[in-house]
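S.K.: Mind looking over this structure? Questions follow.
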Amino acid sequence: MYGENKRIINLLGSTGSGKGTQSKLLSRHFGIPHISIGDIFRYELQNTQLGQLISYNSKQGNPLAPDEIAYGILVKRLAQGDCKDGFILEGFPLTLEQSKFLFSFILGKQDEYIPIELKISNEDSDNRLKLRRICHSCGEQFSVIELASNTCLACNKTTLGMRSDDSSVSIVQEKRKQYKLHIESILREIRQYSTIFTVECTKEHSKMDVFHQILGHITK
């Protein structure tokens, strides 16, 4: 459906592990798009009727969108022409059923599938989330360490702020709970198809340290 012999880099990790940051770096390096389920959901929440259903599901205490919604959104995005040579997939799969969908309907037999797990402690994750900012105009995200002012480095608008899910302790805790609940079954499923490369993301490792570890694994 999406062309053959694609390179698909799949980043897995709990909230604050750096999936988005590494996905963007890899996207620029390899010239393939970064597909973030979380970013797509946030766009839907703000701009479409579908977002109302996702919002309702979240308010019921489940931060995961129903699978049929996730599948439809993902397939629609991957059908776009920029994915024909490959893509960086972030934030999917989040459940065992989603991982089965990935291998049954997304990946082709000739695709190069590279799963990477980013591991981070809750303490280091909390410290990162406190520093994370999102531009409410263009959706780009930054660490305050990168910013000289409250101006977005991508669109130059002064619309930076914390993500609502970062500032809510209950949402952060629920995300971690859901990740811990599902990740072992997801990893078991993935290991049937590929070797998982694991990177420890501690406060001693800069984003470029992690990037070069990932890059070295991919290009080895």
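S.K.: For the range 145-164, indicate whether the set of residues that are of a type in the set (S, T, N, Q), part of a helix (DSSP H, G or I) and either modelled with pLDDT of 90 or more or over 19 Å from Phe92 (Cβ atoms) (or both) is non-empty.
M.R.: Keep residues of the range 145-164 that are of a type in the set (S, T, N, Q), which gives 149-151, 156, 158-159, 164.
Filter once more, so that each one left must be part of a helix (DSSP H, G or I): 164.
Those left that are additionally either modelled with pLDDT of 90 or more or over 19 Å from Phe92 (Cβ atoms) (or both): 164.
For the range 145-164, residues of a type in the set (S, T, N, Q), part of a helix (DSSP H, G or I) and either modelled with pLDDT of 90 or more or over 19 Å from Phe92 (Cβ atoms) (or both): present.
S.K.: Given the conditions (1) at pLDDT 90 or above; (2) among the aromatic types (Phe, Trp, Tyr); (3) out of contact with any helix residue (DSSP H, G or I) (no Cβ under 8 Å at 6 or more places or on another chain), report the number of the one that Phe103 does not fulfil.
M.R.: (3)
S.K.: Still on this model: Within the range 190-208, is even one residue at negative phi, of a type in the set (Asp, Glu) and assigned to a helix (DSSP H, G or I)?
M.R.: No, because not a single residue in the range 190-208 is at negative phi, of a type in the set (Asp, Glu) and assigned to a helix (DSSP H, G or I).
S.K.: While we're on this one: For the range 110-129, state whether one or more residues are over 23 Å from Thr198 (Cα atoms) and out of contact with any Asp or Glu (no Cβ under 6 Å at 6 or more places or on another chain).
M.R.: Keep residues of the range 110-129 that are over 23 Å from Thr198 (Cα atoms), which gives 110.
Applying the additional criterion that residues be out of contact with any Asp or Glu (no Cβ under 6 Å at 6 or more places or on another chain) yields none.
For the range 110-129, residues over 23 Å from Thr198 (Cα atoms) and out of contact with any Asp or Glu (no Cβ under 6 Å at 6 or more places or on another chain): absent.
S.K.: Let me ask something additional. Please state which one of Ser206, Ser194, Ser125, Ser143 is among the hydroxyl-bearing types (Ser, Thr, Tyr), touching a Phe, Trp or Tyr at 6+ places or on another chain (Cβ under 8 Å) and under 18 Å from Leu11 (Cβ atoms).
M.R.: Step by step, each of Ser206, Ser194, Ser125, Ser143 is checked, and only Ser194 is among the hydroxyl-bearing types (Ser, Thr, Tyr), touching a Phe, Trp or Tyr at 6+ places or on another chain (Cβ under 8 Å) and under 18 Å from Leu11 (Cβ atoms).
S.K.: Of everything in the range 185-204 that's of a type in the set (Asp, Glu) and surrounded by 11 or more Cβ atoms within 10 Å (Cβ to Cβ), which residue is modelled with the highest pLDDT?
M.R.: Filtering the range 185-204 down to residues of a type in the set (Asp, Glu) leaves 189, 200, 204.
This time we only want the ones that are surrounded by 11 or more Cβ atoms within 10 Å (Cβ to Cβ), so: 189, 200.
Details: Glu189: 97, Glu200: 93.
If we take residues in the range 185-204 being of a type in the set (Asp, Glu) and surrounded by 11 or more Cβ atoms within 10 Å (Cβ to Cβ), then Glu189 is modelled with the highest pLDDT.
S.K.: Might you let me know whether the range 167-184 holds any residue that is modelled with pLDDT of 90 or more, outside any helix (DSSP H, G or I) and surrounded by 12 or more Cβ atoms within 10 Å (Cβ to Cβ)?
M.R.: no
S.K.: Which of the residues that make up the range 69-86 are of a type outside the set (Val, Ile, Thr), modelled with pLDDT under 85 and surrounded by 19 or more Cβ atoms within 10 Å (Cβ to Cβ)?
M.R.: Ala70
S.K.: Oh, and also: Report, ordered by the first and then the second residue, all pairs with beta carbons closer than 6 Å, sequence separation of six or more or different chains, a first member in the range 77-94 that is part of a strand (DSSP E or B), and a second member that is β-branched (Val, Ile, Thr).
M.R.: Matching pairs, first to second residue: Gly86/Ile8; Gly86/Ile32; Phe87/Ile32; Phe87/Ile35; Ile88/Ile9; Leu89/Ile35.
S.K.: Okay, moving on. Can you tell me which residue among Ala148, Ala154 is free of Cβ contacts under 8 Å to residues at least 60 places away in the same chain and within 20 Å of the chain's Cα centre (by Cα)?
M.R.: Working: Ala148 fails: within 20 Å of the chain's Cα centre (by Cα).
Just a single option satisfies the conditions, and that option is Ala154.
The values are calculated or read from the model by the stated rules, or taken from the named source; none is laboratory data. Bear in mind the structure is a predicted one, so any value in this text is a computation, not a measurement. Please note: Cβ atoms are built from the backbone with ideal geometry, for glycine as well, and neighbour counts cover all protein chains shown.
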